[in-house]
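The structure under discussion appears below in the form of structure tokens.
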Amino acid sequence: MLERLITWCLQNRFLVVLAGVVIAGVGSFSLLHLDVDAFPDTTPVQVQVNTVAPALGPEEVERQITIPLEQVFAGLPQLQLLRSISKFGLSQIVLTFRDGTDMKWARQMVAERLTMVELPEGIERPTLGPISTGLGEIFHYVVTLKNWDPANATPEERVQKLTYLRTLQDWVIKPKLLAVPGVTEVNSWGGYKKQYEVRPDPQKLLHFNVTLEDVIRALEANNQNVGAGVVRQYGESVLVLGIGRIINEEQLRQIGVISRDGVPVRIGDIAEVTVGYEIRRGAVTANGKGEAVLGLCFMLMGENSHEVCAAIRKRLEEIKAILPPDVDVHTVYDRTELVNYVLETVRKNAFEGALLVIAVLFLFLGNLRAAAIVALAIPLSMLVAFTGMLKFGIAISLLSLGAIDFGMVVDSSVVMVENCVRHVAKGDLGRGSMVDLVRQAAIEVRKPTLFGEMIIMIVYLPILALEGIEGKMFRPMALTVIFCLFGALVLSLTLMPVLASIVLPHRIQHREPLAIRLVKLVYRPFLSFSTHYPGVVLAIAIPFVVFVLAGIGPRLGSEFLPKLSEGSFTINVVRLTGTSLEDSISLNTRMEKMLLEAFPDEIREVWSRIGTAEVATDPMGIELTDIYVMLRPRTQWKKARTQDELRQKIEEVLRVIPGQRLAFSQPIELRMNELIHGVRSDLGIKIFGDDYDILLEKAAQIETILKQIPGSADVATEQVTGQPALELSVRQDEIVRYGLSGEAVLRSVQALSGYKVGTVVEGDYRFPLVVAFHPSYREHPDKLSQLILKTPAGHSIPLARLVEIHRRETPATITREWGQRRVTVTCNIRGRDMGSFVAEARRRINEEVLPTLPSARYFITFGGQFENFERAFMRLALVVPLALGLVLFLLYLTYHNIIDVLRVFTGVPFGWVGGVLALWFRDMPLSVSAVIGFVALSGIAVLDDMLLVSTIRQLRQNGLSVSQAVQEAAIIRLRPVLMTTLVASLGFLPMALSTGQGAEVQRPLATVVIGGVIGAMVMSLLVLRALYLVFDGIAHAIFQFCTRVLGVNPEATARWLGLDVELSAQQSRFGAPREDAPQATDSRAQDAVAASAGRGSDVQDLA
């Protein structure tokens, strides 16, 4: 079939070239329509359920909201993980579904279950988080006032200005950005959220004999509009509208509460009406200038971040034109910058790799036209890959394009074109036309070309079996490589022969390059030694292989993935529970100034996010801060050369501030860890149980253990306690005595924070209307006991008589998984591989902590990045043997005998030796990326050995002895072995040496392949020659045993062992020939060598 395909292509050259142009056009179209992102989105299918209860503490939030919701969600189909967090004023439940679950279906299931839950009166209905992912937070901007310094403003001015900015953000900027295609949510953070407040004066309430319930009822009853249909007047229909809605403060003051003897008591008589703000659960500071308002844009799941960011930037410019002239909107984080940096790394590596490959092709082929034909396979194969990526929804990213080696891409084309060049140089053109010559050369190499590329492609198939985060990261890479190699294979059988028949010159001078002649001169003595003393060679090689794989390999260490440089930092700051928002703002502003002053050439922007945003996509307490540090390009840095070095210096600068813990991460990394595991670090050790005292005791023991283990950094126990609370417990005996209800008492308590009674509408703006006591009651808790309540009998009773007031410490945050409380000890790992660190930590915890747990209700699990690491390596334990099995299967289809398969397969362990040594030399641990390199190497490493075995077999068929065939094959095939090794290794060299953003994940993979390919080549040129002789002796020994002892058919045994059938049959009858017996005349041997070299049919077997 392949022969007919090649013949048809050469007979219809115009159509084939036209098809190549069409492929290029379709690929270019696909390239223009591919999504672009920095990294694949590894976030699982998650649905967030947020419930806001502005005045409830964590324990009440857990009791009244979180637990009822957990019970409703627990039985959802496809649910993989249910975790929750209960904080002051907020409950968030995160439901993680199995991979492959449709997001819309999952949200529908959750929404249906929400209709089944009944929450206490006064608590808002739960809402679903945005339809976004961990990579969805793509754009940040701050809204500030020009020429205004919040740090030097009075408190009243600061509140007024920040309320003004927050109102513009919520009602002008946010609605217009939500209209941008691809934006699913615009979150507001910081500033003061405006509300109208009615502040009753307790003394005036007593004076006018008015209760708090009277005020609430009056406001609820006097703030609405109604419709009354239509009436007919003068022959036309007239709408009837009842207008009673409040639109300003003066109207609020005029609302009547009660009437005493015909004299009305109005709101203005008993209360202060003012514009206030909601209780703040977060704030933002920027660039050391004090508070600002932050906007966060979330991208809709499945959209193109590059296009969405561009649309947001364009819309912001339009919004700036309609904003007041004193307002400034400044972009502080744009995902496009990271995408551009990462893609520049990919482009640079690909361009340099392609140049190196083309240079090697020209150097070894010795013909510019031939090199140009082969080089054309690179862009055409990539365009085929782009078409496949568009069809399968794979975005252009660091990982999807990060494993394409142009040396592998051109292998099959090199075989095809090199054979054509060899025929032309030999003078075969005189016996026919150029088309006939190319057809003959192409048909000679059709089978090895096909099997060589298939072996490389097939080792990538098991990677598609990876699951979880590693599957989402590396499946796009594997598919892209398969698409690219498939395109290269098809082109080598169709377009390459056609172009060779058109472009190649009709006369080529056949002369080996000087470099090849010098290499052969050096190589001959080593070859002679390895052939004449195979036992010595193997005695050195085999122990060396065992030492490297069994001695050095296990000591490399292990980790999940190298940290990807995002060109920015996040600093998670943890302060004491109960730290006020104002103190956090002051400290963050100070830290921002310190960073900008200490690193003006390294830091471009710095801003801080305290607490929780309006939509709690990332709930934190006000004692927690995330500081975002945006860096300048590394070419401008003066105080550090690497991001890790800069991190250490930043940490030294900030350590002077006492009373806080710092943990360094990166924006995407932090967000992904939080979303996927609920842990903001490399390792999270979770202690489950019921009693917080016991959980904290065990957490303290684990924290002490982790700090003693080398490599630990940022070790901390999450703050779950330490939140001071003032509890006012209703005294039932007292309220019964005075005829009061618990509701009346608690409503007075609730009015401290604000009791919502309606909405005030100002044009298109809507603001809450609340009843709240003056803020001084919150600032001076002692005044609470002085509040006076009116009894039905008209008596005035102080609140202190009706409630018991006491202060106690409560949990600040309550985290749960599957309905059980947990405490997490977090730890980052620096200067050590993750595998050995976790192994030591697990051993010590099992010995020192686990035996002391009180019951089965208490247990310990490991999470964070380690969870991914453990799952990935368990899966790879299946994937790697499967890849090796597929290589063996294809080799058997190629040779149809066991001995040749095993001979060729020895290249795999030899290649692994080179990969292990390369990792060891570069001080790199074994990561998932490196293991993927070993999987790819399993296919590449056998190619040199396929070349040797095929050439030796052909020479032996032409009459040479085993020893002669081994020596001659080694010299004849030295050039193609060197050429394919160089193109494969040099194609990955830029990736291995790159220091650009995002190159961290490419370096282990490229390092393994380069080291492995070189190792396989060295072993193939030296050791495999000796191994061939050993295998030949083993094959004959097995043949003799099977035929003489077991009586097996000689012909079948010979075929199974890859031996010459007729010769083996004679050996079966007369015994094995002696090595020194004449196998062929010298002239016949020379003719055989010349015939093999002339036909060139063995370069082809390289494929």
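Defining a contact as two alpha carbons under 8 Å apart and six or more residues distant in sequence, what relative contact order in percent does the chain show? Please report the intermediate quantities before stating the final value.
Details: 2011 pairs, mean separation 183.4, N = 1103.
After rounding, I find 17 percent.
As an exercise, use a Förster radius of 60 Å and the Cβ-Cβ distance of residue 307 and residue 1044 to find the FRET efficiency, rounded to the nearest 0.05. If you can, show how the numbers build up before the last one.
Numbers: r = 74 Å, r/R0 = 1.24.
Here the calculated transfer efficiency is 0.20.
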Taking Cα atoms only, helix 1061-1070 is inclined relative to the longest principal axis of the chain by an angle, in degrees rounded to 10, of 60
Under 28 Å between C-alpha atoms, the lysine pairs in the range 644-801 lying 8 or more places apart or on different chains count 6
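To the nearest 20 Debye, how big is the dipole of the chain about its Cα centre, given +1 on the beta carbon of each Lys and Arg and -1 on that of each Asp and Glu?
Numbers: 108 positive and 113 negative charges, 466 e Å.
I would put it at about 2240 debye.
Express in nm, to one decimal, how much length is gained between residue 804 and residue 247 on full extension, taking 0.36 nm for each residue of separation and deducting their alpha carbon distance. The partial results should precede the final answer.
On the way: separation 557, 0.36 × 557 = 200.52 nm, distance 4.02 nm.
Working it through step by step, the gained length comes to 196.5 nm.
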extent check for the range 849-991: Cα max minus min per principal axis, descending, whole Å, gives 80, 36, 21
Cα-based Rg and Dmax for the range 606-762, in Å, come out at 23.0, 78
From DSSP H assignment alone, runs of 4+ in the chain each adding -39500 (n - 2.57), the sum over residues rounded to the nearest 500 puts [θ] at 222 nm at -16500 deg cm²/dmol
The lysines whose Cα lies under 23 Å from the Cα of residue 161, excluding any fewer than 8 residues away in the same chain, are 146, 174, 176, 193, 194, 289, 320, 593
Summed over the other residues with a beta carbon less than 15 angstrom from that of residue 854, with K and R at +1 and D and E at -1, the charge totals -1
In debye to the nearest 20, the charge dipole size for the range 44-132, taken about the Cα centre with +1 at each Lys and Arg Cβ and -1 at each Asp and Glu Cβ, equals 280
Rounded to the nearest Å, the spacing of the alpha-carbon centers of the range 116-159 and the range 897-938 is 52
Ranked output for segments 925-935, 962-972, 692-702 by mean other Cβ atoms within 10 Å, highest leading, reads 925-935, 962-972, 692-702
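Rounded, prolate or oblate for the range 129-236? Axes are the square roots of the Cα gyration tensor eigenvalues, ordered a ≥ b ≥ c, and the cut-off for rounded is a/c under 1.5.
oblate
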In whole percents, the bins of 5 Å from zero upward hold the Cα-Cα pairs of the range 703-833 as 2, 8, 12, 12, 11, 11, 10, 9, 8, 6, 5, 4, 2, 1, 0
For residue 793 and residue 759, extending 7 Å from Cα along the Cα-Cβ vector and measuring point to point gives, in nm, a value of 4.4
For the chain, the longest principal axis of the Cα atoms and the Cα long axis of helix 434-444 enclose an angle in degrees, to the nearest 10, of 80
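Could you give me D for the range 755-797, from Stokes-Einstein at 4 °C and 1.567 mPa s, where the hydrodynamic radius is the Kirkwood radius over C-alpha pairs? Units µm² s⁻¹, please.
Details: Rh = 13.2 Å.
This corresponds to a translational diffusion coefficient of 98 µm²/s.
Net charge around residue 148, counting only other residues with Cβ within less than 12 Å of its Cβ (Lys, Arg = +1; Asp, Glu = -1)?
Details: positive: 146, 158, 161, 289; negative: 149, 157, 291, 326, 328.
Around residue 148, the charge tally is -1.
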Cα-based Rg/(2.2 N^0.38 Å) for the range 522-577, rounded to two decimals, is 2.42
Both in Å, the radius of gyration and Dmax of the C-alpha trace of the range 775-911 are 32.6, 106
So, with points 7 Å from each Cα along the Cβ direction, the residue 539-residue 1037 label distance in nm works out to 1.7
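Quick one: which of 73-81, 897-905, 452-460 comes out on top by average Cβ neighbours within 10 Å, and what's the full order, highest first? Before the final figure, lay out the partial values.
Working: 73-81: 15.0, 897-905: 21.0, 452-460: 24.8.
Top to bottom by mean Cβ count within 10 Å: 452-460, 897-905, 73-81.
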As straight-line cross-link partners of residue 520, the qualifying lysines (C-alpha separation under 24 Å, not fewer than 8 residues apart within one chain) are 426
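Report the Stokes-Einstein translational diffusion coefficient (µm² s⁻¹, integer) for the chain, Rh taken as the Kirkwood radius over Cα pairs, at 20 °C with viscosity 1.002 mPa s. Mind showing how you got there, number by number?
Numbers: Rh = 34.3 Å.
In µm²/s, the coefficient rounds to 62.
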For the range 44-132, the Cα gyration tensor yields equivalent-ellipsoid semi-axes (√(5λ), largest first, whole Å) of 23, 12, 11
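Arrange the following residues from fewest to most other Cβ atoms within 10 Å of their Cβ: 521, 300.
Values: 521 9, 300 16.
Fewest-to-most Cβ neighbours within 10 Å comes out as 521, 300.
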Rounded to one decimal in nm, the spacing of the 7 Å Cα→Cβ label points at residue 656 and residue 112 is 6.1
Assertion target for 599, 859, ordered by fewest C-beta neighbours within 10 angstrom first, is 859, 599
Once residue 857 and residue 843 are pulled to full extension, the length gained, defined as 0.36 nm per residue separation minus their Cα-Cα distance, is 2.9 nm
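What ranking of 301, 874, 991, 473 emerges when the number of other C-beta atoms within 10 Å of each C-beta is taken as an exposure proxy, fewest first? All intermediate terms of the calculation are to be shown ahead of the outcome.
Working: 301 18, 874 9, 991 29, 473 26.
Sorted ascending by nearby Cβ count, the order is 874, 301, 473, 991.
Counting DSSP beta bridges in the chain, what percent are antiparallel, to the nearest 5?
Details: 123 of 128 bridges.
Among the beta bridges of the chain, antiparallel pairing accounts for roughly 95 percent.
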Relative contact order in percent for the range 871-974 (Cα pairs under 8 Å, 6+ apart) equals 28
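Read-outs throughout are calculated quantities, based only on the coordinates presented, and are distinct from any laboratory measurement. Predicted, not measured: the structure shown is a model, and the values here were computed from it. Every residue, glycine among them, receives a Cβ derived from its backbone with ideal geometry; neighbour counts consider all protein chains shown.
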